[in-house]
Number of protein chains: 2
Amino acid sequence: MLDYTSLAVLSAVVREGSFERAARTLHVTPSAVSQRIRLLEEFIGGALIIRGQPCIATETGRRLCQHVDQVRLLEYELQKSVPTVMSSDQEAPSRVPLPIAVNADSLATWFAPAMSAFAATAPVLMDVAVDDQDHTAEWLRTGTVLAAVTSSAQAASGCNSRSLGAMRYLAAASPEFIERYFRKGVNAASLVQAPSLVFNSKDELQTRWVRRLCHRHVELPRHTLPAAHAFVAAAAVGMGWGLHPQAMIQDHLRNGTLVELVPDTPLDVPLYWQQARSASSLLDGLTRAVTNAASSTLLQL
Amino acid sequence: MLDYTSLAVLSAVVREGSFERAARTLHVTPSAVSQRIRLLEEFIGGALIIRGQPCIATETGRRLCQHVDQVRLLEYELQKSVPTVMSSDQEAPSRVPLPIAVNADSLATWFAPAMSAFAATAPVLMDVAVDDQDHTAEWLRTGTVLAAVTSSAQAASGCNSRSLGAMRYLAAASPEFIERYFRKGVNAASLVQAPSLVFNSKDELQTRWVRRLCHRHVELPRHTLPAAHAFVAAAAVGMGWGLHPQAMIQDHLRNGTLVELVPDTPLDVPLYWQQARSASSLLDGLTRAVTNAASSTLLQL
């Protein structure tokens, strides 16, 4: 069997981002942490941590961390069936870390209530990473997370994938903005002048919507604003146009603070829930909470 | 004088994160971009870009990008006083990129409306980076941004610093959560059992609040949830306790969905606006919008 004391130290360093913080969490000295990692690296025969601010795991290190998370999930199942198995140093039933990745718009709309309600009653410590839906699958592939909301249908190695439905986006801006930039229509000539809003450099929704509308690539002037609610608020005061989750701008469309650029041109982004295959009732519980919420809020195709 | 055509190419690569996307923005071939960067690196005598996914700037590269941003701001001033100076390839007055950094809670509350209203009328393209208030000063120091909301009072090199007032945080949770975990009081023994919410691994607010309350360090069980609105929503459904901006939980406190853990124990975080020193009316305009909004919403000490 592997040396799980050392693997737990590795997991703590990656989670905390530094040897010092990991040492504090584990109630040992930083040099003890450092020695554990060094011996583990000698045993594995390769680097596991890239020392820096913060410390990050190598590919192999990430794979080992995922393994530790999965073993912890299994230990939780064991504790439930054999309660006396709990190690003597634990006074209370321990909570299991559950690292997941989700796209910002899902988190800002349907995902947060479902996940929070699950976590309020389950013995877990959620560790939520936020990334673009086209990139969350990468977190699964590298073993950084155990489950993810992603635009990728194809199951990552060792994972199950299931459809959640589609998130509907509408291209919208304030009426004053549309009057100023799109009086002569929404086309390549006007789009090249009108500032767009993008969430970050990975956000391709605006470009995709424009390519579908104009049948060619248009280089858009861009404001970058990586916060879901601020993104909608910025559009409402006329900073730019952008693709917004329909669920977040219903009220704005009703009261006229936001208007669709071109009616009936929604962009539907299919989303999938991928989770590491493992006999874990905790992960299954989260999956039920997530798929239930998705089926009542996302567009079922 | 420096070769500003090449410097603009460098700036595009750093902003876009890849040679291909930079080439598309500049309407040239990727190999032309690559050659420009190589010649610039030979001229400077050192690496400017760390090639990767995405490409990021070296220290020297960042310093040069900041310089380009500042020269663009100066060109904008020049264009205003000598309109005919505009280069012939531009049909419309160009927009100036304005990279800034701000903490997530400011962006979610007072900052977004002020910044968006400014950007709706000024000829700028905002590029907003979000980081912890203890780390935004680093973005200024490395020259990645021209201005930042930060907890650091000390002006970064080449920057002016001015006080914005303090953001008031309250430790709060749902009444059911408090009943479950804190029936016997909020102390080291109960805090070690009750899951806390942290924004990310840089978020030290919860730890600071506990240290002040208990007069010692307590290792808190933590959920990690890096989204300002989801953070409040998670607390309201009983996922954990956390430090929330008072402005974001006023309604929750009034209707009883969130309750303070210990009354009258606010944590006030002083914030500062730091901006690169430069004779730029655009940066001055943003500074006015930001300081006005802060003076009417933050706690003036």
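The values are calculated or read from the model by the stated rules, or taken from the named source; none is laboratory data. Every value quoted in this text rests on a predicted model; they were computed, and no experiment measured them. All Cβ positions, glycine included, derive from the backbone under ideal geometry; neighbour counts span all protein chains shown. In case anyone asks, the SASA skips ligands and DNA or RNA and just uses the protein heavy atoms, side chains included. Shrake-Rupley method; radii C 1.70, N 1.55, O 1.52, S 1.80 Å.
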Among (1) at pLDDT 90 or above; (2) in contact with a helix residue (DSSP H, G or I) (Cβ under 6 Å, 6 or more places away or on another chain); (3) among the hydroxyl-bearing types (S, T, Y), which single condition is A:S106 missing?
(2)
So which of A:A137, A:A112, A:A189, A:A129 is under 29 Å from A:E16 (Cα atoms), assigned to a helix (DSSP H, G or I) and within 12 Å of chain B (Cβ to nearest Cβ)?
A:A112
Just a yes or no: is a residue in the range A:157-172 at pLDDT below 95, open to solvent by less than 10 Å² (accessible area, probe 1.4 Å) and more than 12 Å from every other protein chain (Cβ to nearest Cβ)?
yes
Of all residues in the range B:15-45, how many are hydrophobic (A, V, I, L, M, F, W, C) and open to solvent by 50 Å² or more (accessible area, probe 1.4 Å)?
5
Search result, residues across the range B:1-37 that are in contact with a Gly (Cβ under 7 Å, 6 or more places away or on another chain) and within 14 Å of chain A (Cβ to nearest Cβ):
B:V14
Within the range A:213-239, how many residues turn out to be touching a strand residue (DSSP E or B) at 6+ places or on another chain (Cβ under 9 Å) and either at positive phi or part of a strand (DSSP E or B) (or both)?
4
Would you please list the contacts, defined by Cβ atoms under 6 Å and residues six or more apart or on different chains, that run from a residue in the range B:260-281 that is assigned to a loop (DSSP other than H, G, I, E, B) to a residue that is open to solvent by 50 Å² or more (accessible area, probe 1.4 Å)?
B:P266/B:R168; B:R277/B:N160
In the range B:65-86, is there at least one residue being closer than 22 Å to B:A148 by Cα and part of a loop (DSSP other than H, G, I, E, B)?
no
Can you tell me which of B:P175, B:P195 is over 21 Å from the mean Cα position of the chain (by Cα) and surrounded by fewer than 21 Cβ atoms within 10 Å (Cβ to Cβ)?
B:P175
Close pairs (8 angstrom Cβ cut-off, 6 or more residues apart or separate chains): open to solvent by 60 Å² or more (accessible area, probe 1.4 Å) in the range B:207-226, in a strand (DSSP E or B) anywhere
B:R208/B:L267; B:R212/B:L267; B:R222/A:L125; B:R222/B:S196; B:R222/B:L197; B:R222/B:V198
Test for A:V210: is it part of a loop (DSSP other than H, G, I, E, B) and β-branched (V, I, T):
no
Just checking, how many residues over the range B:165-179 are more than 18 Å from B:D268 (Cα to Cα) and touching a residue at least 24 places away in the same chain (Cβ under 8 Å)?
6
Consider B:D251 carefully, then state whether it is part of a helix (DSSP H, G or I), away from chain A (no Cβ under 14 Å) and open to solvent by 10 Å² or more (accessible area, probe 1.4 Å).
yes
